[in-house]
Every structure is written in C-alpha cells, then in structure tokens.
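First up is the structure itself, then whatever we jot down about it.
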Amino acid sequence: MDRAPGLSVRLKLTLSYAGFLILAGALLLAAVWVSLLRFMPDVGASPDGPLKRSDFLHIFAPTAGAGLVFLLVFGLVGGWILAGRMLAPLTRITDATRMATNGSLAHRIRLPGRDDEFRELADAFDAMLARLEAHIAEQRRFAVNASHELRTPLATSKALLDVARSDPNRDTGELIDRLHAVNARAIDLTEALLLLSRAERRSVTREHVDLSLMAEEATETLLPLAERHGVTIETGGDIAPTIGSQALLLQLTTNLVHNAIIHNLPEQGMVWVNTSVRPRTVVLTVENTGEKLTPKLASTLTEPFQRGTERVHTDHAGVGLGLAIVKTITHTHDGTLTLAPRSAGGIRITVELPATAPHAGG
C-alpha cells in the first residue's frame, strides 16, 4: 500500500520529549515568577532599596529565556538519543518481518533483555515464525506425498489402457474391473484430500453434538466390514456432549473405527469404542488388537499417507489419510489427539474435546 511520507516515530518521540521538557520548564519559571512578585513593590522603591517588578523583569527574562533555550537543545539531543535506544528493538523486529516477507522463515529475533512490551512482541513474532515454518514444511511434504499417491492410480490406469490398446483380444471384463478399482481409489483419495482441506480451513458450522451417538452411528455403519474381517466391536460409555460440526465429528469417529477394524489381527480381532465425560472435556477412546507397535511408530501414524509398518494398497487399506484427517478435525475443534500402543498389541487412540452442557433439544 502506497502511503504519503510522514515523520518518523523517532522524530515524533524526540519532539514530544523536547516539548514536554520546555513546557515543564516554562511552568516552573512561571511559578517562580508569580511567587517572587508577591514580595516585590510595583512602584516607589528607592534606587538602593528592594527591586521593583519592572527591574526584576529585566533581570529575570533573559535568564529564563536562556534556560528555555538550553532545555530545548537538551530535550532535542537527549530525546533523539533516548528514542533511538527505545526503538532499537522495533528495528530488529521490522528487519525480521522484511526477511519473512521475502520468504526467509528460519530467522528469529531472539531479543535479549528482561521482559517488556518489545520483548513480548518479539517472542510472539518468533513463535509465529516457528509455527508458520512448520506449517509450510508440512504442507510441502503433504503436497509431495499427495502427488505421489495420485500419480499411482493414474499411472496404473494408463498402463491398463495401453495394454488393452496393444492387445485387442484381451478380456475387457477383467480390464474394466481393474480400472474400476483404480478409479474408485483415486476418487476416495481426492475426496479425502478435499475433506482434509475443508477441516484445515476451519470453515465448519458448529452445533451441539453427542459423541456417543457419533460412535454408535459409525459402529453400525462399519459393522458389515467388521464381520467380513472377523472383528468384534464392543461399544459403551456415557453421553458426551460437545459443540462442533456433526459431519466432521462423524467422519472422525468413522475413520477411527475403520482404522481399528482394518489394522487388526487376521482373525478374532477386537475393537473397543468408548465415550466418557471429564470435568471440562468429553473423551472418545478407540482401541483395537493387532501387531505390537513402538511409541515412535505410533507417533507417526497421524502423518499423511502413513499406514502402520508399511505402505499397503489392499482393497480396504484406505488412502493413508484416515488419522491425518482425525488429527486435523480434532485440532479444528480445539481438542487433543493421543496415540498410545497397547502392551498386548494394537493401539489406543484418545480424542478429547471441550465439553458442553447437554443440549435440551438434542
């Protein structure tokens, strides 16, 4: 934005310091003058007697004028020096802002000294730069992974079509089935990316939601999938009222239960879905049986396109965004997400959201 040139803050502060100093000096001299006038005769004094007011004025005025000139010079010089020292931290913050504008997010101000307003501003700016740098790095990593994941089904479709064109006698039924599966996977991935983008924008309509109802609905929806995988689901818990997007919270719960079913034991697996209420939060817990995981591996499962111990592409493996979407939706609702390996195998995932009073109409 183009702005008209104006006085610098340092010059404004200097003029303010000097003006205040002159005003204070003038008031002090005026007070002295008024006080002394009370004891001086106006007329009739002898040449060797007390001074008259007119004589005192001729003596006092030049001295007062010289004093005010001295205060003006002293105020301008001292004010310029003091203003420069006071605004030095602001100069460092401005330089860091320009560097960030040019794309250098690794720079930090790290303003030394004790806590004051400038130090608080500099620390807040450093924290913002750190979050922004981490967010951009995550977005770049996500874009690379998303490009890789989207390229796979497209390359597979191209290869299948090339084979069909080079071999007209090939069974088209098998080709259509494989193309359908590849296309379905690409659609699922695209929809997951759109959902993730929507959740990250925080453009959601908030309403009263009961997490326990979300858990029941997700469990009922995924029950056929659990039966096909030989997994038993047990649900329970308390009414868990919160405020948020019903669609996103249902997606969150569905993703957790879906992951718990898919990444389970080959047979006789278990999934436990439970809701509870704490003093200020409501909690959704999803646990499952399965392979033993290390805490380090569990902490990476919320990264996009991570699927446990390896990148698999089975019919029900998903697109690798299930827990990434859960993490984003949780943060969108000002909640916390915790992943902890179970000692017997499998994982325990806990979502904690702000609690509200039960909705009268819900």
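When the range 75-131 is filtered for residues that are of a type outside the set (G, A, S), touching a Lys or Arg at 6+ places or on another chain (Cβ under 6 Å) and part of a helix (DSSP H, G or I), the ones remaining, listed by number, are L87, D126. Just one of the numbered conditions (1) modelled with pLDDT under 90; (2) more than 21 Å from the chain's Cα centre (by Cα); (3) not small (G, A, S) is not true of L265: (1). Taking every residue in the range 109-135 that is under 20 Å from R98 (Cβ atoms) and pairing it with any residue that is open to solvent by 60 Å² or more (accessible area, probe 1.4 Å), at least 6 positions away or on another chain, the pairs with Cβ-Cβ distances below 7 Å are I109/R92; L111/R92; F118/L90; D126/R110; E133/A106. State whether the residues of the range 117-129 include one that is touching a Phe, Trp or Tyr at 6+ places or on another chain (Cβ under 7 Å) and surrounded by 13 or more Cβ atoms within 10 Å (Cβ to Cβ). Among the residues of the range 117-129, not one is touching a Phe, Trp or Tyr at 6+ places or on another chain (Cβ under 7 Å) and surrounded by 13 or more Cβ atoms within 10 Å (Cβ to Cβ), which makes the answer no.
Listed by first and then second residue, the pairs with beta-carbon distance under 6 Å, at least 6 apart or on different chains, first residue in the range 271-298 and in contact (Cβ under 8 Å) with a residue 12 or more places away in the chain, second among the charged types (D, E, K, R) and part of a strand (DSSP E or B), are W272/E234; W272/E287; T281/E352; V283/E352; E287/R348. State yes or no: is V204 in contact with a strand residue (DSSP E or B) (Cβ under 8 Å, 6 or more places away or on another chain), open to solvent by less than 80 Å² (accessible area, probe 1.4 Å) and at pLDDT below 70? Against the criterion (in contact with a strand residue (DSSP E or B) (Cβ under 8 Å, 6 or more places away or on another chain), open to solvent by less than 80 Å² (accessible area, probe 1.4 Å) and at pLDDT below 70), V204 qualifies. When E138 is tested against (1) at pLDDT below 75; (2) touching a Pro at 6+ places or on another chain (Cβ under 6 Å); (3) acidic (D, E), exactly one condition is not met: (2). Has the range 118-130 got any residue that is at pLDDT 75 or above, under 30 Å from I22 (Cα atoms), in contact with a helix residue (DSSP H, G or I) (Cβ under 6 Å, 6 or more places away or on another chain) and not β-branched (V, I, T)? Within the range 118-130 (the criterion being at pLDDT 75 or above, under 30 Å from I22 (Cα atoms), in contact with a helix residue (DSSP H, G or I) (Cβ under 6 Å, 6 or more places away or on another chain) and not β-branched (V, I, T)), the answer is yes, since at least one residue qualifies.
Going through (1) in contact with a helix residue (DSSP H, G or I) (Cβ under 7 Å, 6 or more places away or on another chain); (2) open to solvent by less than 50 Å² (accessible area, probe 1.4 Å); (3) among the charged types (D, E, K, R) one by one, R178 falls short only on (2). Scanning the range 224-241 for residues that are surrounded by 22 or more Cβ atoms within 10 Å (Cβ to Cβ) and either within 25 Å of E207 (Cβ to Cβ) or among the aromatic types (F, W, Y) (or both) yields a count of 1. Considering only residues that are within 30 Å of T300 (Cα to Cα) and among the hydroxyl-bearing types (S, T, Y), look in the range 141-169 and name the one that is modelled with the highest pLDDT. Across the range 141-169, the extreme among qualifying residues is T156.
The values are calculated or read from the model by the stated rules, or taken from the named source; none is laboratory data. Please read all numbers here as calculations on a predicted model, not as lab measurements. Using ideal geometry, Cβ is built from the backbone for each residue, glycine included, and neighbour counts are taken over all protein chains shown. Accessible surface areas use protein heavy atoms only, side chains included; no ligands, DNA or RNA. Shrake-Rupley method; radii C 1.70, N 1.55, O 1.52, S 1.80 Å.
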